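Visitor: Below is a structure I'd like to ask you about.
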Amino acid sequence: MLNQQEINYFEKVKTPFYFYDMGLLQKSLFAIKDAADLYNFHLHYAVKANANERILRTIKGFGLGADCVSGNEIQTALNNGFSPHQIVFAGVGKTDDEIELAINSNIFSINCESVQELEVINSIAKKLNKRVRIALRINPNVDALTHSKITTGLKFNKFGISLIDVKFIIENINSYENLFIEGLHFHIGSQITILDVYKKLCKVVNDTFSYFTSQGVRIKHINLGGGLGINYQNPESQIPNFLSYFEIFKDNLNVPENVDLHFEPGRSIVGQCGYLISKILYSKTEGNNNTLIIDAGFTELLRPALYDANHKIVNLSSRNKTEIYDIAGPICETSDYFGRAIELPLSKRGDLIGIYSTGAYGEVMASQYNLRSLVSKYYSDEIPLLPIAGKFLFV
Ligand code: LLP
């Protein structure tokens, strides 16, 4: 949680900005590493959740690999020290250039999402005179019971290969001469809080694995994706229960010991360590309705506008008796709200507002719409050096 010393610094820094609690990031990494190591599970951090260099380097320092969905993510992971042998690459729309980069970088696995893509990777590999490790991303048709816009594992979602196409691939497996088809990949969605859905996933994984084995295809590794949710209502809970999450897979997967199991967590590692800090610019009252207009908008944090996400919003400057407010940003769009009917202390122009649990899919989804400046960022371990009016303040 934010401490008073940090809040005092925020008063002096130009808002809006992201603030990262690097100690909390480390605690989360210790927790997920310890839990995964217990079962020898392999971790690839989902770079899409937050590709900030300091965050990436910290995560790399804990020995995690990277899960990438674009050529630039692969390049960024490599530039930040991730080993190619720990990089996986998924995505329904990989371009030829991205596939070439993945092949030339000799990454651990290209996770292929369609029959046509398989043929394209095979022909690019042939051209490069290489043989490439492939995992087939299977669409398991399992409902993740999360927001529809972050559900990926249902039959009509664009992701993954259907079980019918799997049959076709197995029948033609020898025609993919430049591929090693040796892995299976599944990812059913994000911000999953009803963990029983993973039991359903395990059942499909077991059946799919048995099917490949019965057809004489040896599967060496299975990637179970990411998706573990965080507690947005109560960020104080901070570190997700990684042990009980991994236990579900340990207890429900039925594959031989020598098949490696991989995971791609994003939000559960970085979600709680980020805060979006903003200032109140104006307040408006219309009848019974009070609106606070802050200097951050959906250009800094898109999640509320795009997924109706509710982040905890705190007035960091005031502890007066409370009032009910709508919290809006400055963007010229009606969807630019962070919350409706939120109870806050009596709030006024200049008060600092903290929007919690924004470490995942916050900074990385920022834009320059309305030609705004890209959001800046600060880190808890650099606080004594926060710049103030172009100078540095030393404590
Ligand atoms: N693996 C794959 C193949 C994915 O597509 C994703 C997320 C992950 C792993 C990581 O999932 P996580 O552990 O972070 O849930 N922008 C949305 C979330 C989009 C997630 C996209 N895929 C949001 O702000 O909620």
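Visitor: Under 1.5 on a/c is rounded, so check that first for region 125-192, then, if it is not, pick prolate when a/b is larger than b/c and oblate when it is not; a ≥ b ≥ c are the square roots of the alpha carbon gyration tensor eigenvalues.
Guide: prolate
Visitor: Quick one: net charge around F212, please, counting Lys, Arg +1 and Asp, Glu -1 for every other residue with C-beta under 13 Å from its C-beta.
Guide: 0
Visitor: Find out how many positive minus negative residues lie around I324, taking Lys and Arg as positive, Asp and Glu as negative, among other residues whose Cβ is under 11 Å from that of I324.
Guide: Summing Lys and Arg as +1 and Asp and Glu as -1 gives -2.
Visitor: For the chain, what is the percent of antiparallel DSSP beta bridges, rounded to the nearest 5? Spell out each step's value before the answer.
Guide: Details: 26 of 60 bridges.
The answer is about 45 percent antiparallel.
Visitor: Another question about this same structure. Give the range of the longest stretch in the chain that excludes all chymotrypsin sites (Phe, Trp or Tyr not before Pro) found in loop regions by DSSP and having at most 15 other beta-carbon atoms within 10 Å.
Guide: Here the longest segment lacking exposed loop sites spans 157-393.
Visitor: Run through the DSSP bridge list for region 264-395 and note the antiparallel percent, rounded to the nearest 5. Show your work: numbers first, answer last.
Guide: On the way: 21 of 24 bridges.
Of all bridge pairs located within region 264-395, approximately 90 percent are antiparallel.
Visitor: Still on this structure, I have one more. Give the dimensionless ratio obtained when the Cα radius of gyration of region 65-151 is divided by 2.2 N^0.38 Å.
Guide: Dividing the Cα radius of gyration by 2.2 N^0.38 Å gives 1.14.
Visitor: Among L154, L301, which comes first, second and so on when ranked by fewest other beta-carbon atoms within 10 Å? Provide the component values of the computation, followed by the final result.
Guide: Numbers: L154 17, L301 27.
Least to most surrounded, the residues fall as L154, L301.
Visitor: On to the next question. Within a 10 angstrom radius of the beta carbon, how do T285, T152, T291 rank from fewest other beta carbons to most?
Guide: T285, T291, T152
Visitor: In nanometres, what is the gap between the two model label sites at D34 and E11, each 7 Å from Cα along Cα-to-Cβ?
Guide: 3.7
Visitor: For the chain, modelled as a Gaussian network with Cα springs under 10 Å, which listed residue fluctuates most, I173, I110, I188?
Guide: Maximum among the listed residues: I173.
Visitor: Another one. On alpha carbon coordinates alone, what is the Rg over Rh value for region 1-152, Rh being the Kirkwood radius?
Guide: 1.05
Visitor: Given a 10 angstrom Cα cut-off, can you work out which residue in N231, N241, N290 is the most mobile in a GNM of the chain?
Guide: N290
Visitor: If you don't mind, another one. To the nearest 10 degrees, how steeply does helix 22-38 sit against the main Cα axis of the chain, on a 0 to 90 scale?
Guide: Roughly 30 degrees, rounded to the nearest 10.
Visitor: Let me ask something else about it. When the Karplus curve 6.51 cos²θ - 1.76 cosθ + 1.60 is applied with θ = phi - 60°, which whole-Hz ³J(HN,Hα) does each residue of region 208-215 get, with x for Gly and Pro?
Guide: 5, 4, 4, 4, 4, 4, 5, 8
Visitor: Whole-Hz ³J(HN,Hα) for each residue in region 53-65, computed from phi via Karplus 6.51 cos²θ - 1.76 cosθ + 1.60 with θ = phi - 60°, x for glycine and proline: what do you get?
Guide: Listing the rounded values in order: 4, 5, 5, 4, 5, 5, 5, 4, x, 8, x, 6, x Hz.
Visitor: What is the diffusion coefficient of the chain in µm²/s, taking the Kirkwood radius over Cα pairs and the Stokes-Einstein relation at 20 °C with a viscosity of 1.002 mPa s?
Guide: 96
Visitor: Sequence-distant or interchain residues sharing an amide H contact under 5 Å with I161, placed H: which?
Guide: Residues meeting the criterion, in which the H sits 1.01 Å from N, are R137, I138, N139.
Visitor: Who wins for biggest fluctuation among I294, I170, I103 in a Gaussian network model of the chain, springs between alpha carbons below 10 Å?
Guide: I170
Visitor: Still on this model: Per the helix-only calculation at 222 nm, which mean residue ellipticity applies to the chain, given -39500 (n - 2.57) for every DSSP H run of n ≥ 4 and division by its residues, nearest 500 deg cm²/dmol?
Guide: Mean residue ellipticity at 222 nm (helix-derived): -8500 deg cm²/dmol.
Visitor: Taking the Cβ of each residue in H262, H42 as the centre, tally the other Cβ atoms inside 10 Å and list the residues starting with the fewest.
Guide: Sorted ascending by nearby Cβ count, the order is H42, H262.
Visitor: How many angstrom lie between the C-alpha centres of region 319-365 and region 113-144?
Guide: 43
Visitor: Tell me, what HN-Hα J-couplings in whole Hz come from the Karplus equation 6.51 cos²θ - 1.76 cosθ + 1.60 at θ = phi - 60° for each residue of region 326-341, using x for Gly and Pro?
Guide: Residue by residue, region 326-341 yields 8, 10, 10, x, x, 6, 7, 8, 5, 7, 7, 10, 9, x, 10, 6 Hz.
Visitor: Set the Förster distance to 22 Å, then compute FRET efficiency between N129 and Q215 from the Cβ-Cβ distance, nearest 0.05.
Guide: So the FRET efficiency works out to roughly 0.15.
Visitor: Can you tell me the FRET efficiency between M22 and L306 if r is taken as the Cβ-Cβ distance and R0 is 30 Å, rounded to the nearest 0.05?
Guide: In this case the efficiency is close to 0.65.
Visitor: Additional query: Can you pull the one-decimal nm distance between simple spin-label points at L374 and H147, each 7 Å off the Cα toward Cβ?
Guide: 2.3
Each value in this text was obtained by applying a stated rule to the coordinates, not by laboratory testing. Predicted model only: the values in this text are computed from it and were never measured. Cβ atoms come from the backbone with ideal geometry, glycine included; neighbour counts cover every protein chain shown.
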